[in-house]
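Every number in this text was worked out from the coordinates using simple rules, so none of it is lab data. The shown structure was predicted, so the numbers you read here are calculated from the model rather than taken from an experiment. Glycine also receives a Cβ, built like all others from the backbone with ideal geometry; neighbour counts cover every protein chain displayed.
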Amino acid sequence: MSARPLRVVGRPVPRVDALEKVTGRARYVTDLIVPGMAHAKVLRSPYAHARVRRVDVRRARALPGVFAALAGADLTWCDPYYGPAYRDRPVLAIDVVRYEGEPVAAVAAVDEATAEAALELIDVDYEPLAAAMTLEAALAPGAPLVHAGQPPAGHFADLSTLRPEPGTNICHRFDFARGDAEAALAAADVVVEDAYRFPSVQHVAMEPHAVLAAWDETSALTLWASTQNPYSVRVELAKMFDVPLARIRVVVPHLGGGFGSKTYAKLEPLAATLARAAGRPVRLAASIPEAFQTVRRCASRVAVRVGFRRDGTLLAVECDADYDVGAYADIGPRVVQKGTYTATGPYRVAHVRLAARAVYTNTTPGGAFRGFGVPQLAWALESLFDVAAERLGRDPVDLRRQNFLAHGEEFAPGDTPIDGKLEESLGRAAEAIGWSQTGAADRGRGVAAMLKASVAPSVSEAIVRLHTDGSVTVLASAVEMGQGTRTVLAQITAEVLSVALDRVTVVQPDTAVTPYDQTTSSSRSTAMTGRAVQVAAEDVREQLLDIAARSLGIATRDLALADGAIVSPGRRLTYAEALVARFGMSGGELIGRGVIAPGRTAAPLGGSTPFWEMAVGAAEVSVDRETGAVRVERYVSVADVGRAINPLSLEGQDEGGVVQGLGHTLLEEMLYADGHLLNGTLLVYRIPRADDAPAELECRFVENADGSGPFGAKGAGEGSLIPVSPAVANALARLTGVRLRDLPLTPERVWRALRSSQRTDAR
Amino acid sequence: MKLQVIVNGRAHELEIDAHALLLDVLRDGLGLKGAKRSCDAQVCGACTVLVDGLAVSACTYLAIEADGREVLTVEGLAEGESLHPLQRAFIDAGAVQCGFCTSGMLLTARAMLAENARPTRADVLHYLRGSLCRCTGYRKIVDAVMAVAETPR
Amino acid sequence: MLRPFTLHRPATAEAACALLAELGEDAAVYAGGTELLLLMKLGLLRPRHLVDIKRIGELSDITDGPRLAIGAAVTHRTVERSPLVQTRCPLVGSVACHVANVRVRNVGTVGGNLAFADPHSDLATLFLTLDAVVELVSPRGRRELPLAEFVRGPWETTRSADELLVSVRLAPWPRESAAAYVKFGVHERPTLAVAVMLSLDVGRAAGGEGRIVGARLAVGCVGPRPIRVPAAEAALTGASPATVEEAARAAGDAAAAVIDAADDLYGSADYKRDMVAVFVRRAVRIAAARARGVEPAEQFPHAVVA
């Protein structure tokens, strides 16, 4: 098949779901109505750590209109513990609460008002315990233990190597070494080290978590859930209720944002439990403050030491990272493991010692959030890189370029070689920000680069069905959470089968209908699910070519697909005609299947990344020196994506990633005092507004078609966020001479640092 | 209490409680799901509807206040199958991602353009200060509004 | 979601007060509801009766006179767009335009803003520089008192439970004056707000020097309630265009010295004090520029200039 210009892939076509979203017709979980649906409310712990002596729900249960009122002690008929890494998290607290906001009891009632009133009738006796609220407190000798004993492994076989350390708050350790870092640092000409802090932040998807659960008369369970991985939720529930996977159905309508907050089971176990107890469907919808009590990003303290030779060669990296994963492990251990794996960033370095710990604290559980541990590490390494550049007397762009991994170079033995050209991203970003030109005196510029692996091993399967009228249905379980995956999958299908985009329908993920997809996260949906869809569509194409070959008596190599038909010079068989030829009647369909499952390899994390996500960010900032307020005047993001299937939606995603990154860089931090979260509402938790976006914001792409995904695509969506904080801090340092190590760079923090530097006048 | 309200051009008469919130009456009473409950505190704008042309946070607005008034929700922006220029612009500019903030953004922009048909970018940012989005970074939303604002009509 | 209540809609202020007297703590005054309904949703207030004052004519008017009277039920939006306000107290209109967000401005009222005494209120800060007086009515009759005596502390006023705020009356500034309002803060509610009015001797053309003959300066949002700063006002009085920069600095320091700031989510006390000094200086500079007929273009990150 000769290369032909692409018709729809690579085009900035409007999203296939835009119309329903701009007309208010798009359906999210809380828009759904199931007859007889009850409404659930959750009673949550006011304490960060307490023994639960007694939970009395009898008065709540007796309130007219209440269908079920449950406490942890009632959950005798299911396995009440869940969690992807460790099954350490109870559906409702059992004997102890481990964070403020932990669900203690829950009610399902005829309406929300009744459910609220019922909550007020629940009596709980707490015996407050000392709480470990910070990394330091949790790691101190004699610290209060968040968990006693060792929880069973979670449901990911590849995570079964994770082990907590009993008797401590250490949930998991990840260590990695190559060469002899200590010796290399001792021999290095320039060594710089420092420690950097990344705050707890919340995803603040505009739609908080929501689930609608319904058991049917055959004791099969259906859930409509705002989740990024329906198959993971399904496994969790199957285990909990000892029900075969085939009898649990998870349906995913539109998500009002995810960003990682909706990966792995969150409220689904509780909704399903309530629905079972209530004997009717139950809708459980969280509020934004409840989202703050459900999941957040893992905060971190990362100490890095890097050694360079005089000529700028990076010789060694040592990294000690502690992550605060909150009261329950969620996917925290994997965040730590996977993030630390790329702690050395996009650089070639022979000697490495990495040590990371996931630490329990009595706070909201930390889980997945766009970047998955890498923002925390890039904040440290990319900041320190600039410090090293200064010490070496080198331009930071130049020093990075010198040490970048090259296209095709090995990152780690057994893992995929680097599949992109970092120097191209860097060059374009530097040029776009005007790096080599003298800037305005009141502006500073900084850059940062990132490298991230995607989850491996992983599995994506897809089915493509061609109907008798030539229209196509795509069955895949990549979740549409705003990133545009439905459109991308439709474009890929339309391209392969040469049909108009509006002839392709991508149905919502539904585990009863759409085949297995591991997760919508890790920037993987285009490369993995998209590839599965591509293979499935190619399967249909092959079937069409075979049918046409037989029908027309022409060799398949002389046939092509064009505009809904199989063609050859002077001959044309429409798809409709092809199906009639195949089935001998007006009926039937062609079904294509794609399975992408690269499997386990010898790579350090058990699988080779399907692609490397790599990107560069460049920031130009100004600072109001009297107040410390930093303004990002210009920002350029360049991501190496292989092929932008939809450049318009990809640009939008990266613009969003940059602005979301500005959130944790300048504005966002979950603040605790005396065990209480002080700012878990949007009145006092400040996410970026329209006027916080940089006046000049450019998101660009390097497209060398060098990925293993469809049409040479790789992954994207996290690379735009990760470099933001170090790029901004580097720009600020170059402007003011002041280096900050703790995020967010609030006006007060910057003000204090400027003052302190004025006083000491030393760095 | 009796509520007589015109919603998207259609008259309705409903029996409601004094404490009913406009957002719930629209979503549950009238089945208009376009306005969303997000922050529930008037900060984010996802619940925005227009009452006599003025943007309000339906999540914190008594339904009875709409008595005798006209309410516009996102479902009322288009005329039949003919999209409002703002809806068209949002699609074309790529200003929609997850869509949860979209109806609020559209209605707020519509209210703004009714007051100021030729806003500057700064005017748009001022008006959208209370409309939050976590997906788009706002740039394409502002572009879309400016595209409509700058189109001669 | 709100708990049930009875909605009362009296047609007169007297009827409203009678209801408040009868229902006592079970009742809350309701106008725009932007503060009240939020507190009710959070369960922090649970009134079983709401007394809706929007049908009371005199509460919805803006009336001219020796003082400009803004009815308690007038929305921020109406203030923003009122030609009368624009003529008599133009800065009030400009500040109203920046309260919260557009939806809150469309529905929220001046009276509600003052009566809730939110420590982060823009308007209360500005009104102190306009010699604001609030008018209250109760079954015992009407009374007036200065705004500074009305707002006692955070969320606390001297209004009795059976009293209704009817209007706030503002004394417009002299013709020969220049003013500025600046608020600063990262969060939804500002960290601090400064309102300054400089009254000037007759302009140059008439033989005057443009000297500051009087000043009003209020700082709000940072302490438990907004305050005037007499020491800062004294520092400004007598300054000429040549010495105004120095006077601004002195005024800033004076304001920072008297501010009752505490560490909280909006910042540490020392940061807030320093920012008060910074923004007093800046507000004075802006007002001084306006006194010379120049409109400064300067914008500061996280600050709004009116």
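Details
- Packing here is the average count of other Cβ atoms within 10 Å per residue, and on that basis the peptides C:79-91, C:250-262, A:141-153, highest first, run C:250-262, C:79-91, A:141-153.
- Near A:Ala106, once Lys and Arg are set to +1 and Asp and Glu to -1 for all other residues with Cβ below 11 Å from its Cβ, the sum equals +1.
- Beyond 20 Å, the tail of the calculated P(r) for the stretch A:220-328 holds 55 percent of the Cα pairs.
- Taken over the stretch A:632-720, the alpha-carbon convex hull comes to 114 cubic angstrom per residue.
- Look at the stretch A:647-659: the mean tally of other chain Cβ atoms within 10 Å of its residues' Cβ atoms is 5.
- The stretch C:122-161 - convex hull of alpha carbons, volume per residue in Å³: 68
- Simple Cβ-charge dipole of the stretch C:53-202, Lys/Arg +1 and Asp/Glu -1, about Cα centre, in debye nearest 20: 380
- At 1.306 mPa s and 10 °C, Stokes diffusion of the stretch A:172-221 via Kirkwood alpha-carbon radius, µm² per second: 89
- Based on alpha-carbon atoms, the Kirkwood radius and the radius of gyration of the stretch B:13-153 give Rg/Rh equal to 0.96.
- Taking every Cα-Cα distance in the stretch C:177-293 and sorting them into 10 Å bins from zero, the calculated P(r) comes out as 16, 48, 25, 9, 2, 0 percent.
- Mean residue ellipticity, 222 nm, helices only, chain A: the sum of -39500 (n - 2.57) across DSSP H runs of n ≥ 4, divided by residue count and rounded to 500, is -7500 deg cm²/dmol.
- Restricting the calculation to Cα atoms, chain C shows an Rg/Rh of 0.99 when the hydrodynamic-style radius is the Kirkwood one.
- Extension gain, A:Ser551 back to A:Glu696 (0.36 nm per residue minus Cα-Cα distance, nm): 46.4 nm
- For the stretch C:81-178, the Kirkwood estimate of hydrodynamic radius, built from reciprocal distances between every pair of different alpha carbons, is 14.2 Å.
- From most to least packed by mean Cβ count within 10 Å, the peptides A:428-434, C:137-143, A:446-452 give A:446-452, A:428-434, C:137-143.
- In a reduced charge model with +1 at each Lys and Arg Cβ and -1 at each Asp and Glu Cβ, the protein assembly as shown shows a dipole moment near 700 debye about its Cα centre.
- Sorted into 5 angstrom bins from 0, the C-alpha pair distances of the stretch B:85-149 split as 4, 21, 36, 27, 11, 2 percent.
- Every Cα-Cα pair in the stretch A:480-585 was counted, and those over 22 Å apart are 39% of them.
- Treating each Cα of the stretch B:2-76 as one equal point scatterer and applying the Debye formula with no solvent, the log10 of I(q)/I(0) at q = 0.18, 0.23, 0.27 Å⁻¹ comes out as -0.59, -1.00, -1.42.
- Computed E for A:Arg51/A:Glu542 - FRET, C-beta separation, R0 60 angstrom, nearest 0.05: 0.40
- Shielding of peptide A:14-21 by partners, expressed as the average count of other chain Cβ atoms within 10 Å per residue Cβ, is 6.
- Scaled against the 2.2 N^0.38 Å expected of a compact globular protein of N residues, the Cα radius of gyration of the protein assembly as shown reads 0.95.
- Calculated log₁₀ intensity ratio I(q)/I(0) where the Debye formula runs over C-alpha points of the stretch A:299-423, q = 0.18 Å⁻¹: -0.96
- log₁₀ of I(q)/I(0) at q = 0.13, 0.18, 0.31 Å⁻¹ - the stretch C:6-52, Debye sum with one point per alpha carbon: -0.26, -0.50, -1.17
- In this calculation the C-beta distance from A:Arg58 to C:Arg143 is compared with R0 = 56 Å, giving a FRET efficiency of 0.60.
- Calculated P(r) of the stretch A:431-519 - Cα pairs past 20 Å, %: 55
- Distance-filtered residues of the stretch B:10-54 - backbone nitrogen under 16 Å, label point 7 angstrom along A:Arg25 Cα→Cβ: B:32-35
- Neighbour-limited loop hits for trypsin sites (Lys or Arg not before Pro), the stretch B:59-130 (at most 11 other Cβ within 10 Å; DSSP other than H, G, I, E, B): none
- Over chain B, dividing the summed -39,500 (n - 2.57) contributions of all DSSP H runs of at least 4 residues by the number of residues returns a 222 nm mean residue ellipticity of -8000 deg cm²/dmol.
- Counting only other chain Cβ atoms within 10 Å of each residue's Cβ, the peptide B:41-52 averages 5.
- Pairwise Cα inverse-distance average, inverted: Kirkwood Rh of the stretch A:372-485 (Å): 18.2
- Rounded FRET efficiency, nearest 0.05, which uses the C-beta distance separating A:Ala673 from A:Asp79 and R0 of 35 Å: 0.45
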